[in-house]
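First comes the structure, then the notes that go with it.
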Amino acid sequence: MAHRTVREREVPPRASVLIESLRDVGYSLQTAIADVIDNSLTAGAKRIDLLADPQADSAAIGILDDGAGMTEAELLEAMRPGSRSPRDERDESDLGRFGLGLKTASFSQCRHLTVATRKHGSLSCAVWDLDIVTATNKWLVQFPESTEVPWADRLTGDGTLVVWQKLDRLVGRTEPTAQRDLTRQLSETAGHVGFVFHRFLAGRGRVRIALNRHELEPFDPFHSDHPATQHHSQETFSLGGQPIVIRPVTLPHHDKVSTAKWKRFAGPEGYTQNQGFYLYRNRRLIVHGTWFGLARKAELTKLSRVLIDIPNSLDAEWKIDVKKASAQPPPPVRERLRQIIDGLGVPSKRAYTARGARLTDDRNRLPVWTRSQNKNRITYGLNLDHPVFTSFSERLDTGASREFHKLVKLVASSLPLAALFADVSADPRRVVTPRLDARSLEQHVRTTCCTLRRAGLSESEIEAVLRSAEPFKSNWDQTLGLLSRVSTEQGAARR
Ligand SMILES: Nc1ncnc2c1ncn2[C@@H]1O[C@H](COP(=O)(O)OP(=O)(O)OP(=O)(O)O)[C@@H](O)[C@H]1O
Ligand SMILES: [Mg+2]
């Protein structure tokens, strides 16, 4: 809207107020450290060290890199809140956007930020101290001697060292608590860093990131190197000429991985919660485990994770925020993502229902439980044609046989589905079927053998049926022993 200017006045922000407000953009320690690491990677670092000194009175955190470093003029520019316009076109490997991250991330955790940097051998240091800005109400940067900067001696070649002191939001007042808290928070942060930057930490030309000399492991949420991981077809979608690459994956079913791996890939929130899109901007993870409001997180799709790769030229369209921790797909992409989700129910569902289907799809199998699907309803019931049931029922008189059928129906109708579902979702390995004692197994083998033989099956056919039916399948060695004994006995009896 055009106004006719009558008079104008400059209204600069109050330094003492704005600098305090910049602290509350919503960073956590994890997102703050990731934002500083973004700068190191953009500067071409191959080695990044997270350093920590948890002593309460001098507690400090350092992020040291061996990237290109900055000249003094560049350092001064880097210290400026709003050092570059978000509208600038950035180099295609640049992880920055707003010209704010270094400052906002650091202020969110500390009141004293030092940047020491060396470029072409020449060292420069600059400090933002929030107490000085607040006291003077001026945007004043100090230039300390490098000897005053913790860990400055480790900046031997070109590179940059960011140091946070006065950690008022991280460190408690009492020393033992302070140390424990900071150590715990940093080890959680190490996990987050290994996750967010996993694609930088693996493969050729990989970057090394260490916390107090302990190297961080990448965590690839797609379990890409496991043979049972299903990689579905990749698709490239173009938005304004910029590529968006989408790669759906179905993680391995729990019987294909070790317990430790199953838990690790579930993540602390579990598989159901962690299904969804994993959005990477320039290979750096921005958001994970969300369907962007396009679908519900269902149990059936809990093994589905979909990688989306976007370039930094689409930041505005995806509404990437300063912290690089949230994004929203632009409308034309939403439609395509919705279609991808629709197609996805299938693979993830298949991994889970294959085992159920196997129970009923083969006529030779003898299920104790049957699963039947009618339109949208799935019901489980006991299979009264199972030889163990039929032979028992045959021995009863009509009244008792009717009672027996009612009893079986009662058992099937009171299957505790909700509890089963909850237990299996929480930890499938803890849900086990009770063991059958040897005498019961023997009785079931006898009855079943006898019934099947009467039905005209050969010995080898009987063995094949039993091999795939419960309770014999799960007790196969004993069943096989019993089978040969029973067939000898029954053969002798027939002669
Ligand atoms: N470790 C570093 N090595 C070299 N240069 C750096 C380093 N950290 C920051 N800089 C310089 O300082 C500038 C400001 O960094 P800052 O994180 O505030 O903004 P940005 O990275 O440009 O954008 P964003 O706000 O999205 O992070 C960077 O653009 C870069 O030029
Ligand atoms: Mg940055």
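Computed quantities for the displayed model
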quantity: Residue pairs, from the table K46/K119; K261/K324; K103/K324; K103/K138; K166/K324, whose Cα atoms sit over 18 Å apart; calculated: K261/K324; K166/K324
quantity: Two-site FRET efficiency, S458 against L480, from Cβ-Cβ distance with R₀ of 25 Å, rounded to 0.05; calculated: 0.95
quantity: Accessible area (Å², 1.4 Å probe, nearest 10) - E299; calculated: 50 Å²
quantity: Centroid-to-centroid separation of segment 411-485 and segment 272-317 [C-alpha atoms, Å]; calculated: 42 Å
quantity: Probe 1.4 Å, accessible area per residue of the chain, Å²; calculated: 54 Å²
quantity: Spin-label pair R467/T379, simplified geometry with 7 Å Cα→Cβ offset, distance in nm; calculated: 3.4 nm
quantity: Per-residue [θ]222 nm for the chain (sum of -39500 (n - 2.57) over DSSP H runs n ≥ 4, rounded to 500); calculated: -12000 deg cm²/dmol
quantity: Segments 211-220, 58-67 sorted - mean Cβ within 10 Å per residue, highest first; calculated: 58-67, 211-220
quantity: The chain - percent of accessible surface contributed by carbon and sulfur, probe 1.4 Å; calculated: 52 percent
quantity: Stretch gain in nm, segment R87-E20, where the contour uses 0.36 nm per residue and the Cα spacing is subtracted; calculated: 21.6 nm
quantity: Percent of beta bridges antiparallel (DSSP, segment 15-215, rounded to nearest 5); calculated: 90 percent
quantity: Residue-span extension gain [K319 to H120] - 0.36 nm each, minus C-alpha spacing; calculated: 68.0 nm
quantity: Residue order for D153, D321 - accessible surface, 1.4 angstrom probe, largest first; calculated: D153, D321
quantity: Projected label distance in nm at Q328 and D342, using a 7 Å step from Cα toward the beta-carbon; calculated: 2.4 nm
quantity: For segment 15-215: relative contact order, % (alpha-carbon pairs under 8 angstrom, 6 or more apart); calculated: 30 percent
quantity: FRET efficiency for K263 and R184, using Cβ-Cβ distance with R0 set to 30 Å, rounded to 0.05; calculated: 0.90
quantity: Nearest 10 degrees, 0 to 90: helix 29-42 Cα axis against the chain principal axis; calculated: 70 degrees
quantity: Relative contact order, percent, the chain [alpha-carbon distance under 8 Å, six or more residues apart]; calculated: 11 percent
quantity: Segment 188-263 versus segment 128-167: alpha-carbon centroid distance in Å; calculated: 35 Å
quantity: Nearest 10 degrees, 0 to 90: helix 417-426 Cα axis against the chain principal axis; calculated: 50 degrees
quantity: Whole-Å distance, taken between Cα centres, linking segment 383-402 and segment 40-84; calculated: 78 Å
quantity: Gained length - R439 relative to A422, 0.36 nm times residue gap less alpha-carbon distance; calculated: 2.9 nm
quantity: Per-peptide average of other Cβ atoms within 10 Å, ordering 420-430, 283-293 highest first; calculated: 283-293, 420-430
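The values are calculated or read from the model by the stated rules, or taken from the named source; none is laboratory data. This structure is a prediction, so every number in the text was calculated from the model and none was measured. Positions of Cβ are backbone-derived with ideal geometry, glycine not excepted, and every protein chain shown enters the neighbour counts. With ligands, DNA and RNA removed, areas are computed over all heavy atoms of the protein, side chains included. Shrake-Rupley method; radii C 1.70, N 1.55, O 1.52, S 1.80 Å.
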